[in-house]
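S.K.: One structure is given below, represented as structure tokens, and several questions about it will come after.
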Amino acid sequence: MDCASTPWERVRQRLREEIGEEKFTSWFARMDLDALTGDTIRLSVPTRFLKSWIQDNYLPRIADIWAEESGARRRVDLSVRNAFARPVALKASAPREVVTERPETRGPQARQPDGRAQDSRAQDARAEARPADARPDSARSAEGRSEGRESAIVGDVASGSPLDPRLTFESFVVGKSNSLAFAAARQVAEAASGTAPIFNPLYLHAAVGLGKTHLLQAVARAGALHGRRTTYLTAERFMYGFVAALKSHSAIAFKDTLRTIDTLVIDDLQFLKGNNLQQEFCHTLNALLDGGRQVVVAADCVPGDLEHLDERVRSRLAGGLVVELGPLEEDLRLEILKARYQTLTELHRGFTVPAPVLEFLARCVGQSGRDLDGALNKLLAFNQLTGEPVTLEMAENAVKDLIRPTDPKRVRVDDILRVVAKHYNVTRADLLSQRRTATVVKPRQIAMYLAKTLTLRSLPEIGRRFGGRDHTTVLHAVRKIDGLVSSDRALAEEIEVLKRLVLEA
Ligand SMILES: Nc1ncnc2c1ncn2[C@@H]1O[C@H](COP(=O)(O)OP(=O)(O)OP(=O)(O)O)[C@@H](O)[C@H]1O
């Protein structure tokens, strides 16, 4: 099979090598190449937060690498996917626009004596279970009521981030790797309003594209349908909401609104940054948990690894039920593909994908649900644009940029310890010991770095496997080697050799 890489893949690969797997996954894994038009490369990311960070830090670098890899310099245009769904109200810099854009239609019964939009909360919770642009007129006009900046911002935050109507429990395919997360999410969403939560907070974590957002949005939707006042917020939207509320002196109303809902669902918590915002999140979390309200959180790591969060928040998050969604196994990938294919055929009559092609995709395409979606979309595009029927040969060609170069090998910490010990002529016991001589410290730090970059293990887990060390020691080692790799070419090459040896072990 031809697996020659495209310029875009090479750009991604070089970025990955330059900044390391972990940073790459956090910042670039969800950046897609949408189009190449004239002299422009059009890229997109799912959130404004990612966009502004990449724009500030990496756009010129991406343009440079593209020029080197493709031989042609192009302008890079980065946009936010699904930007349509984001209400203007949460633009922190433009709260006034909200007021002027909204018609004056609010009825007197909708306001409480304290000036807050109490009556509209249940309605907001129900309405937020629909995508923003699919809401009925009544909900849209409720959104459109002008009552000053304060309640506009508060109301928008209460109605949460938009939900994708496709992300439901019914469309979530359950397998070994995600069954516990699914069962816990369902239990939380379907608990009757007012009953004491059992798993609180429920904390889901997984690598990119393994279904966290899908489950969280399903919780938000089903919770609202079961009469729970539920708000789904990305961490990014929580931050914008709070900053906007501070700017318009409505922070108290903002906090009150969040603290009176039944279920707060926060996605992508790893992106919550900033001391004030962190403290605000901490207070909201405590208030909700102490008040017996349900909190559901998703992030890309265990609570202990959310280094920017206060220790107390991490320990409160860890104190409920923490569940990992594991990598999608091949059977599960096939079931997801079948379900997606079924949906596509309802929309595109005549689009036929033979079973062996679905099996090929399940076996060879990347590990995340997003790769599976991308593969089927590519087949559809090829089929619709060229009229060529989908065959194994056509599929191999159409999705070659999504094929995993090799089957991912599950790297074991033991293999890393053995390879590193042999390479540096020390013993495995030395690596696990408390000895602090330079001949042992550096190999140990390199081994920790490899454990973090080549396995899915968390920092605390790695610490335990390295003689019961604290996760901060591992973090220090990972950062140190990460820093050295970017400045010390010889070390970078040595680490590449070690990686190969570990992968071949
Ligand atoms: N078990 C599953 N059943 C059905 N679809 C799934 C499943 N797991 C993932 N997907 C699909 O894969 C895509 C990516 O999933 P999702 O956005 O939930 O990932 P995520 O874990 O939140 O990733 P990220 O960390 O990048 O936000 C979505 O289209 C989702 O519907």
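S.K.: Of (1) away from the ligand (no atom under 16 Å from the Cβ); (2) at pLDDT 90 or above, GLU396 satisfies all except one. Which?
M.R.: (2)
S.K.: Any residue at all in the stretch 248-264 that is within 16 Å of the ligand (Cβ to nearest atom) and open to solvent by less than 20 Å² (accessible area, probe 1.4 Å)?
M.R.: No, because not a single residue in the stretch 248-264 is within 16 Å of the ligand (Cβ to nearest atom) and open to solvent by less than 20 Å² (accessible area, probe 1.4 Å).
S.K.: Could you tell me whether ASP331 is surrounded by 14 or more Cβ atoms within 10 Å (Cβ to Cβ) and under 25 Å from ALA181 (Cα atoms)?
M.R.: For ASP331, the condition - surrounded by 14 or more Cβ atoms within 10 Å (Cβ to Cβ) and under 25 Å from ALA181 (Cα atoms) - is not met.
S.K.: Filtering the stretch 335-356 down to residues that are more than 27 Å from SER177 (Cβ to Cβ) and in contact (Cβ under 8 Å) with a residue 12 or more places away in the chain, which residue is farthest from the ligand (Cβ to nearest atom)?
M.R.: Taking the candidates together, the pick is THR352.
S.K.: Further, regarding this structure: Within 23 Å of HIS308 (Cα to Cα), at pLDDT 90 or above, open to solvent by less than 40 Å² (accessible area, probe 1.4 Å) and over 23 Å from the mean Cα position of the chain (by Cα) - does that describe any residue in the stretch 457-471?
M.R.: There is at least one residue in the stretch 457-471 that is within 23 Å of HIS308 (Cα to Cα), at pLDDT 90 or above, open to solvent by less than 40 Å² (accessible area, probe 1.4 Å) and over 23 Å from the mean Cα position of the chain (by Cα).
S.K.: For the stretch 177-199, give me the residue count where each residue is within 16 Å of the ligand (Cβ to nearest atom) and either part of a helix (DSSP H, G or I) or within 13 Å of HIS226 (Cβ to Cβ) (or both).
M.R.: 9
S.K.: Taking GLU396, is it under 30 Å from VAL365 (Cα atoms), free of Cβ contacts under 8 Å to residues at least 12 places away in the same chain and not assigned by TED's automatic domain parsing to the domain that holds PHE24?
M.R.: Spelling it out, it is not the case that GLU396 is under 30 Å from VAL365 (Cα atoms), free of Cβ contacts under 8 Å to residues at least 12 places away in the same chain and not assigned by TED's automatic domain parsing to the domain that holds PHE24.
S.K.: Only residues in the stretch 452-480 that are over 18 Å from VAL440 (Cα atoms) count as the first member; pair them with residues that are part of a loop (DSSP other than H, G, I, E, B) and open to solvent by 40 Å² or more (accessible area, probe 1.4 Å), Cβ under 7 angstrom, at least 6 apart or cross-chain, and list the lot.
M.R.: From residues that are over 18 Å from VAL440 (Cα atoms), the pairs are LEU456/ALA207.
S.K.: Out of (1) within 14 Å of the ligand (Cβ to nearest atom); (2) surrounded by 18 or more Cβ atoms within 10 Å (Cβ to Cβ); (3) at pLDDT 90 or above, what's the single condition that is false for LEU202?
M.R.: It is condition (1) that LEU202 fails.
S.K.: Inspect the stretch 295-308 for any residue being without any contact (Cβ under 8 Å) to a residue 40 or more places away in the chain, in a helix (DSSP H, G or I) and not assigned by TED's automatic domain parsing to the domain that holds LYS452 and give the result as yes or no.
M.R.: No; the residues of the stretch 295-308 include none that is without any contact (Cβ under 8 Å) to a residue 40 or more places away in the chain, in a helix (DSSP H, G or I) and not assigned by TED's automatic domain parsing to the domain that holds LYS452.
S.K.: Which residues, taken from the stretch 213-234, are assigned to a helix (DSSP H, G or I), open to solvent by 20 Å² or more (accessible area, probe 1.4 Å) and touching an Asp or Glu at 6+ places or on another chain (Cβ under 8 Å)?
M.R.: Result: THR213, single match.
S.K.: For the stretch 181-190, name all the residues that are out of contact with any strand residue (DSSP E or B) (no Cβ under 7 Å at 6 or more places or on another chain) and surrounded by fewer than 24 Cβ atoms within 10 Å (Cβ to Cβ).
M.R.: If the condition is that a residue be out of contact with any strand residue (DSSP E or B) (no Cβ under 7 Å at 6 or more places or on another chain) and surrounded by fewer than 24 Cβ atoms within 10 Å (Cβ to Cβ), then PHE182, ALA183, ARG186, GLN187, GLU190 are the ones that fit.
S.K.: Still on this structure: Considering LEU289, LEU332, which residue is of a type in the set (A, V, I, L, M), out of contact with any Pro (no Cβ under 7 Å at 6 or more places or on another chain) and under 23 Å from GLN217 (Cβ atoms)?
M.R.: LEU332
S.K.: Across the stretch 279-318, what is the number of residues that are more than 16 Å from the ligand (Cβ to nearest atom) and open to solvent by 20 Å² or more (accessible area, probe 1.4 Å)?
M.R.: 19
S.K.: Limited to the stretch 216-237, what total is found for residues that are more than 18 Å from PRO303 (Cα to Cα) and within 9 Å of the ligand (Cβ to nearest atom)?
M.R.: Qualifying residue count for the region: 1.
S.K.: Before we move on, is ASP77 surrounded by fewer than 16 Cβ atoms within 10 Å (Cβ to Cβ), within 27 Å of ASP164 (Cα to Cα), of a type outside the set (Ser, Thr, Tyr) and modelled with pLDDT of 80 or more?
M.R.: Answer is yes for this residue.
S.K.: Let me ask something additional. Run down GLY194, GLY160, GLY175, GLY223 and say which single residue is over 17 Å from LEU264 (Cα atoms) and out of contact with any Pro (no Cβ under 9 Å at 6 or more places or on another chain).
M.R.: None of the other options fit; the residue is GLY175.
S.K.: Using the structure shown, decide if LEU475 is in a helix (DSSP H, G or I), over 22 Å from ASP300 (Cα atoms) and open to solvent by less than 80 Å² (accessible area, probe 1.4 Å).
M.R.: On the way: in a helix (DSSP H, G or I): yes; over 22 Å from ASP300 (Cα atoms): no; open to solvent by less than 80 Å² (accessible area, probe 1.4 Å): yes.
Answer is no for this residue.
S.K.: Residue check, LYS255 against (1) at pLDDT below 80; (2) in contact with an Asp or Glu (Cβ under 7 Å, 6 or more places away or on another chain), all met but one. Which one?
M.R.: (2)
S.K.: For the stretch 265-276, what are the residues that are among the hydrophobic types (A, V, I, L, M, F, W, C) and either surrounded by 22 or more Cβ atoms within 10 Å (Cβ to Cβ) or outside any helix (DSSP H, G or I) (or both)?
M.R.: VAL265, ILE266, LEU269, LEU272
The values are calculated or read from the model by the stated rules, or taken from the named source; none is laboratory data. Since this is a predicted model, take the numbers as computed values, not measurements. Note that each Cβ is placed from the backbone with ideal geometry, even for glycine, and that neighbours are counted across all protein chains shown. SASA here: full protein model, heavy atoms, side chains in, ligands and nucleic acids out. Shrake-Rupley method; radii C 1.70, N 1.55, O 1.52, S 1.80 Å.
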